[in-house]
Structure formats: C-alpha cells, structure tokens
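Okay, so here's the structure we're looking at.
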Amino acid sequence: MQRITATAELPAAVADLRRAGRTVALVPTSGALHAGHGALIAAARERGDAVVVSVFVNPLAFGPSEPVARYPRTPEFDAEFSRAAGADLVFLPTTEDLLPRGFSTVVVEDAVSRPLCGISRPHHFRGVATVTLKLLQLVRPERLVLGQRDAQQVAVLRKLSHDLCLGVELLVVPTVRDADGLPWTVRSKDLTPGQRQESAAVSAALRRAQEMVAQGVRIPDRIIAEVTHLLGQKRRLRVIYVALVDPHSLEALREVVPGRSLLALAVWIDEVRLIDNVEL
C-alpha cells in the first residue's frame, strides 16, 4: 500500500494505480477509522476498484463552537487500518498542505444542505463540499464511496456531482451497527456504558418506524410522533430533530412512499451529538 502525505504527489500516485487498468474508488474519511470505514473499503474492493482512502480532519466543516482541535487524530493507526482493510493508497495530508495559507474558495450547495443538520450546523456542509471537491479533482475517481449513516452528506455530494457534472458514481454502503444497534462512529466509541444503554433507544425507535410502515401507516406525523415519544422516554436523550423526508431532495414528505422515504434524526446524549436514519 502506498502512503502519500503531499498533495502534489497524489495525482501521479493515482495514475500509477490506473496503469494496471483498474478503476479508482475514493473513500473520504476524517480518520479515527473503525468498522464502518472498513465496510466502505470492502465495498469498493468487491467491485475490483483500486481504493484510495483519504484521512483528513477538515477544519472547514467545524463551526465556531465546535473545536476542531478536540477531534481525534490517529494517523499511524489509520494507515495500518487502511492497509489491513485492503486499500491501495492512503492519503494523509496536513491542513497546511491541503488548505494552504490564502485558500479562500468555498463550495456552497444551497438546497439539500439547509434542512436537518444544516439548521444547527450551517458551516458543516460547505466545508464538506469544498474539501470533497478538491479531493475529487486530485484523485479523479470513478466512484465516491460513502456511508448511509451520513445520509444528508450523501444527498449534498450527490447534488454537487449532478449540478457540476462531475461524472463520479456514488456508492452508498449500508450503515454498520454494533450489537446494541448503534452505528459505528468516532463519537460512539467514547460513550460510557450508561450512555450506550440510553442511546440504544435511537435504533429501537427507527425499527419501530419500520414496523409502522410495514403495518400500513403512511402518515408522516404519526411516525414522527411515535419516534419522538420513544426518544423522549430516555432522560439523557435530547431530540434535535426527527424528520421524514425524500432521501434525495430532503424535502418533507406528506405521505410515506415505501422505498423513497427517509426517516432521519439527531439527538444529544449528554454532550455527544448522534445522527442516524433508516430508509422506510
């Protein structure tokens, strides 16, 4: 596996991978890799792609009250994790290299980035879009591999690719969950046993929504009310939002359309922010 730290060296390194006639898949990450990231790499490998994993804590994706310095950084672990998972190249740039002094261009998607997490985190998705577009320009992959847990990020990057004619295929991998139903995230690894026990109500509420649709319920307000009620029974959980939306436009639905409806939510468990979703 190649390990690249300099932005200027990345295009040539990817070109070497292509000389073997392979297509390229980009797996963008913020590091502190876990089983969810492993599933992304595995999904790309299954298609025969040469897999490029980027590891970069993106300061543009953090708001003023979200200290980027606290985000875990484990570059040596991430490089070894990527190698063991089957990546062909891992890209670990410094902030000064990828976003050098004087960098002043931002990419703003102005529709699907607005609702849901965009209300309380207005800076986040423009940071994601900006750095992802730069990575796409450097790597020029055939596929961009993303996780379903970050459903709004998927929607934003799908719209970015469509609007700017980037020609990259999005491969969206199902959410990887732990035994208690919690999705694997950087934050979930730090939850205490008590926090995990209460947070399990999130996946339970999502399963209840699936049951309601299977039983014929099609009214979004009924499903949202039931999910909100279940979450509210946990003392340490504070609901940020529960929404039933179109998975592409993220517009609120007037009726559940099986296969084209996304139930998305965000909660605080004490001081940890968790997001999750399920397709109904």
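Values computed for the structure shown
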quantity	calculated
Any hit, region 183-206, residues being charged (D, E, K, R) and in contact with a Pro (Cβ under 8 Å, 6 or more places away or on another chain)	no
Meets criteria (within 19 Å of the chain's Cα centre (by Cα) and aliphatic (A, V, I, L, M)) for residue 272	yes
Selection within region 122-167 - basic (Lys, Arg) and buried (at least 23 other Cβ atoms within 10 Å of the Cβ)	none
Residues within region 9-36 that are closer than 14 Å to residue 92 by Cβ, in a helix (DSSP H, G or I) and not acidic (Asp, Glu), tallied	2
The listed residue being surrounded by 18 or more Cβ atoms within 10 Å (Cβ to Cβ) and over 24 Å from residue 36 (Cα atoms), out of 220, 247, 258, 183	220
Long-range neighbours under 7 Å by Cβ, at least six apart or interchain, first residue touching a residue at least 60 places away in the same chain (Cβ under 8 Å) and closer than 13 Å to residue 271 by Cα within region 229-241, second crowded, with 16+ Cβ neighbours inside 10 Å and of a type outside the set (Gly, Ala, Ser)	240/267
Selection status of residue 203, touching a helix residue (DSSP H, G or I) at 6+ places or on another chain (Cβ under 9 Å) and in contact (Cβ under 8 Å) with a residue 60 or more places away in the chain	no
Scope region 231-246; condition closer than 14 Å to residue 200 by Cα and among the small types (Gly, Ala, Ser); matching residues	232
Qualifying residue in region 23-45 (condition: among the small types (Gly, Ala, Ser), free of Cβ contacts under 8 Å to residues at least 40 places away in the same chain and surrounded by fewer than 24 Cβ atoms within 10 Å (Cβ to Cβ))	no
Residue among 55, 106 that alone is free of Cβ contacts under 8 Å to residues at least 60 places away in the same chain, under 22 Å from residue 140 (Cβ atoms), in contact with a strand residue (DSSP E or B) (Cβ under 6 Å, 6 or more places away or on another chain) and assigned by TED's automatic domain parsing to the domain that holds residue 17	55
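The values are calculated or read from the model by the stated rules, or taken from the named source; none is laboratory data. Please read all numbers here as calculations on a predicted model, not as lab measurements. Backbone-built Cβ (ideal geometry, glycine too); neighbour counts: all protein chains shown.
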